[in-house]
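One structure is given below, encoded as structure tokens.
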Amino acid sequence: MDYNMDWQQTYADMICTPQTALKKLRPGHRVFLGTGCGEPTVLVEAMVAMAGTLADVEIVELLTKGDAPYTDRKFADCFKVNSFFIGHNVRELIREGRGDYTPILLSDIPRLFDSGQLPLDVALIQVSPPDQRGKMSLGVSVDIVKSAAKNASLVIALVNSQMPWTRGDSLIDVYDLDILVPADVPLLERPSRPVSDTAAAIAELVAALVPDGATVQFGMGRIPGKGSLPQAVIPALKGKKDLGIHTEVITDEILELIESGAVTGRRKSMDRGKIVTSFCMGTPKLYSFVDDNPLFSFRPTEYVNNANVISRQSRMVAINLALEIDLTGQVCSDFEEGAFFSGIGGQVDFNRGATQSVGGRSVIVLPSKTEDGRSRIVTRLGSGSGVVISRGTVQFVVTEHGVAYLHGKSVQDRTLALISIAHPDYREQLLKEAVEARYVSRDFADIEGRFIVAPQELMKSTYLLDNGTQLQFRSIHPTDEPKMRDLLYNLSQETVYYRFMSHNQRFGRKQIQNFVYLDHRKDIAIVGTVPEAHGDEIVAVGRYYLDERTNMAEVAFVIHDKWQNRGLGSFLFRHLITIAKTSGIAGFTAEVLRDNKRMQAIFNHSGYQVQSRLEEGVYSFRIDF
């Protein structure tokens, strides 16, 4: 960047020391502090040093990464904090009632300033040195800083030679500032933290929901012991192609994703080829990378968090953090353990935008348990927990135990989906409470002890058809009841007869539940699925039932008529054999109608020792492994 190397002489009449500049503060002033790692710490220190001459100064901030010395109890009469997001440095202050939290959508904050609803007397910001035109960059923090600088009566800018020059809509004219304070100090840093096992498991599941060519947002916020789960997803995306980025904040994790070649932005609908963000928090490596880099476009919050802008990106995937979710799908993300914890941030903005995007997805992530072992999936939100995202707009919810898709689902279906991804220690309790709350039918009281989600590792497989269609095979899931109902009622009369040895095509709820709710210690059921817009569709089911007295298992499977004669039966049979042998099962038995030639051929050509006998039109098979 072509900086004006003589800027201190050019604008000498605007230059002050920090101490002189901060003398402009008066008791009762409302003071805005720059965001994140762009916080002007030199000015903050000078302000705190003047505490003895100040009273009732309201400090307005989004999120700061400094030590926040103004929160010290001895300054209680001098400074009061009003934060739009509760970071670690003000959390204790707000929980003790010594400061305020203003819950608001990130996209709405600039309007507070523009409208005069929250007038600002002073803005303390940090900028780069000016170029030859007198333009300065807001650097690593554009977000709401640009609006605050535009609306504050007095703008004091720390002009830091170490502030990167970021491209996009990050510029401010030197004459729109009032006081310049020269500095040459390192920016605040936000180092990356190791990814926990829980976060890694969640990241793997979320990555599967991000298609090639998607534009992705990674939300703000951390969970104690788990770190920032949205940011933890980033390394899991390295195998993707042509990803775009449109997000409030970027961190060091983005660097490896870019270096992997996964991020090109070529398929973005807007800002093609650009990584769009409003602020970044990281280390000098990140700051050096964004400096004058045309790959990045730093834009104000009014643009980055505009739900209409977000929705115009095709395949927009928003990934955001929750602290608690109830069984109907209500999401709380700013309250925990009886007190405010973080904030709304941009997750409502991005949830709205992503759900309206063509091919878009909104994903809520959370660990299944708190650090002290409580379930984060609850029957009802805790006292004081507010709804940040309503149950009607939630799409995907992901814990380390799986993925639940809620959008358009009934209360019963979404309840079962969420119980199935809760921690196993709490599933039976949640099911019991769901029955009592009338979220699910009382019929579910009969499956107590059978609400088990099978381990997925061994069950997973894929099958590629000649026409290029790929089927995914996995263990049956408690949420598959409606999909099983659809499969069974779409079978032909002949297929029903061959599978159930009956012409009756009516299946009661109990019978369908018996397909889904298994004792996975003895019974195994594998489903073959194909993706549909509303979620996976089950087209094949294979199952065996273990007789513990003989260590033999009875096997059976059924395939949707339009998917028959494509080798799925043989594949399912081999897959079930692999699982059974791993479990030490000695072999399979089966009952097959004499007219069911296809099933007989699968068994007779299995390559194992096969015995069969015909009795009253039914073959009894025994296949020893």
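In the list Gly402, Gly408, Gly384, Gly392, which residue meets the criterion of being farther than 19 Å from Ala322 by Cβ and either touching a residue at least 40 places away in the same chain (Cβ under 8 Å) or among the small types (Gly, Ala, Ser) (or both)? I'd like the intermediate steps shown before the answer.
Numbers: Gly402 fails: farther than 19 Å from Ala322 by Cβ; Gly384 fails: farther than 19 Å from Ala322 by Cβ; Gly392 fails: farther than 19 Å from Ala322 by Cβ.
After ruling out the rest, the residue left standing is Gly408.
Of these, Gly239, Gly265, which one is assigned by TED's automatic domain parsing to the domain that holds Met316, in a loop (DSSP other than H, G, I, E, B) and at positive phi? Among Gly239, Gly265, only Gly265 is assigned by TED's automatic domain parsing to the domain that holds Met316, in a loop (DSSP other than H, G, I, E, B) and at positive phi. Per the listing Gly353, Gly338, Gly343, the residue uniquely more than 22 Å from Ala417 (Cβ to Cβ), assigned by TED's automatic domain parsing to the domain that holds Ser278 and at pLDDT 95 or above is Gly353.
The single condition among (1) buried (at least 17 other Cβ atoms within 10 Å of the Cβ); (2) at pLDDT 75 or above that Phe500 does not satisfy is (1). Between Thr215, Thr251, Thr247, the distinction of being modelled with pLDDT of 95 or more, assigned by TED's automatic domain parsing to the domain that holds Phe289 and closer than 16 Å to Pro194 by Cα belongs to Thr251 only.
If only residues of the range 537-555 that are surrounded by fewer than 18 Cβ atoms within 10 Å (Cβ to Cβ) and not in a loop (DSSP other than H, G, I, E, B) are counted, the one that is modelled with the highest pLDDT is Glu554.
Restricting attention to the range 579-619, the residues that are free of Cβ contacts under 8 Å to residues at least 60 places away in the same chain, assigned to a helix (DSSP H, G or I) and either over 19 Å from Arg499 (Cβ atoms) or not assigned by TED's automatic domain parsing to the domain that holds Ala540 (or both) add up to 2.
Counting the residues of the range 462-493 that are charged (D, E, K, R) and free of Cβ contacts under 8 Å to residues at least 12 places away in the same chain gives 0. Exactly one residue out of Val394, Val363 is in a strand (DSSP E or B) and surrounded by 17 or more Cβ atoms within 10 Å (Cβ to Cβ): that is Val363.
Restricting attention to the range 316-335 and to residues that are polar (S, T, N, Q) and at pLDDT 95 or above, the residue that is surrounded by the most Cβ atoms within 10 Å (Cβ to Cβ) turns out to be Asn320. Considering Gly227, Gly221, Gly239, Gly273, the condition of being more than 30 Å from Pro18 (Cα to Cα) and either touching a His at 6+ places or on another chain (Cβ under 9 Å) or at pLDDT 95 or above (or both) is satisfied by Gly273 alone.
Here the range 1-41 is the region considered, the condition is being outside any loop (DSSP other than H, G, I, E, B), of a type in the set (Val, Ile, Thr) and crowded, with 21+ Cβ neighbours inside 10 Å, and the residue that is farthest from the chain's Cα centre (by Cα) is Val31. Answer yes or no as to whether Gly386 is surrounded by fewer than 23 Cβ atoms within 10 Å (Cβ to Cβ) and small (Gly, Ala, Ser). So Gly386 passes the test.
Exactly one of these conditions fails for Gly569: (1) touching a Lys or Arg at 6+ places or on another chain (Cβ under 9 Å); (2) part of a strand (DSSP E or B); (3) not β-branched (Val, Ile, Thr). Give me its number. The single condition Gly569 does not satisfy is (2).
Which of the residues that make up the range 110-152 are in a loop (DSSP other than H, G, I, E, B) and touching a Gly at 6+ places or on another chain (Cβ under 9 Å)?
Of everything in the range 110-152, those that are in a loop (DSSP other than H, G, I, E, B) and touching a Gly at 6+ places or on another chain (Cβ under 9 Å) turn out to be Asp121, Ser128, Leu138, Gly139, Val140, Val142, Asp143.
Against the conditions (1) buried (at least 20 other Cβ atoms within 10 Å of the Cβ); (2) farther than 27 Å from Thr20 by Cβ, Val145 satisfies every one except (2).
Matching residues to (1) assigned to a helix (DSSP H, G or I); (2) surrounded by 20 or more Cβ atoms within 10 Å (Cβ to Cβ); (3) acidic (Asp, Glu):
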residue: Gly52; (1), (2), (3): yes, no, no
residue: Glu58; (1), (2), (3): no, no, yes
residue: Phe85; (1), (2), (3): no, yes, no
residue: His88; (1), (2), (3): no, no, no
residue: Glu92; (1), (2), (3): yes, no, yes
residue: Asp108; (1), (2), (3): yes, no, yes
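Looking only at residues of the range 289-306 that are of a type in the set (A, V, I, L, M, F, W, C) and assigned to a strand (DSSP E or B), we find that the one that is surrounded by the fewest Cβ atoms within 10 Å (Cβ to Cβ) is Phe296. When the test is whether a residue is in contact with a Leu (Cβ under 8 Å, 6 or more places away or on another chain), surrounded by fewer than 23 Cβ atoms within 10 Å (Cβ to Cβ) and on the phi > 0 side of the Ramachandran plot, Gly345 does not pass it.
Can you give me the number of residues within the range 378-420 that are among the aromatic types (Phe, Trp, Tyr) and out of contact with any Gly (no Cβ under 8 Å at 6 or more places or on another chain)? Selection size over the range 378-420: 1. Residues of the range 197-210 that are in a loop (DSSP other than H, G, I, E, B) and either outside the structural domain of Glu248 (by TED's automatic domain parsing) or exposed (fewer than 14 other Cβ atoms within 10 Å of the Cβ) (or both): Ala208 alone. Here Ser311 does not qualify as closer than 30 Å to Arg167 by Cβ, buried (at least 23 other Cβ atoms within 10 Å of the Cβ) and of a type in the set (Ser, Thr, Tyr). Within the span defined as the range 271-288, every residue fails to be assigned by TED's automatic domain parsing to the domain that holds Phe341, surrounded by fewer than 18 Cβ atoms within 10 Å (Cβ to Cβ) and under 23 Å from Thr399 (Cβ atoms).
The values are calculated or read from the model by the stated rules, or taken from the named source; none is laboratory data. Because the structure is a prediction, the values reported are computed rather than measured. Cβ atoms come from the backbone with ideal geometry, glycine included; neighbour counts cover every protein chain shown.
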